[in-house]
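Here the structure comes first, spelled out in structure tokens, and everything after it is commentary.
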Amino acid sequence: MLAKRAEIQSNGASCEVPQRGMGMNGRPRLLERAFELARTGNCRTVDELRSELKREGFDNNTILSNIAGPSIRKQLAALIAARPNQSA
């Protein structure tokens, strides 16, 4: 289980703050997960990566809106291409 840290608010109450890069549910945020998959996953293309994110439970509209831009797609494609032992 990923550790969360407690922060003391100005009224003295504490709240749980997720680790950096993690959503409130303890899962990685979409973009962090996309980059992780691009670096280490089995996806051979950005479209395969998007399909994997959907299989993992990320919302399709959120996936499309976050990975639609040419800059992010280029970054993800470069990470996929740079992985060792790429098989066709």
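Values for this structure:
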item: Pairs with Cβ under 6 Å, 6+ apart, first in segment 33-56 and closer than 12 Å to residue 77 by Cα and among the polar types (S, T, N, Q), second assigned to a helix (DSSP H, G or I) and at pLDDT below 95; result: none
item: Residue selected from segment 5-57 under the condition among the acidic types (Asp, Glu) and at pLDDT 85 or above, by the criterion farthest from residue 83 (Cα to Cα); result: 56
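Each row is one residue, and each column tells you yes or no for (1) surrounded by fewer than 14 Cβ atoms within 10 Å (Cβ to Cβ); (2) in a helix (DSSP H, G or I); (3) at negative phi.
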position	(1), (2), (3)
33	no, yes, yes
39	yes, yes, yes
44	no, no, yes
47	yes, yes, yes
57	yes, no, no
73	no, yes, yes
78	yes, yes, yes
81	yes, yes, yes
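The values are calculated or read from the model by the stated rules, or taken from the named source; none is laboratory data. Worth saying up front: this structure is predicted, and the values here are computed from it rather than measured. Heads up, the Cβs are rebuilt from the backbone with ideal geometry, glycines too, and the neighbour counts pull from every protein chain shown.
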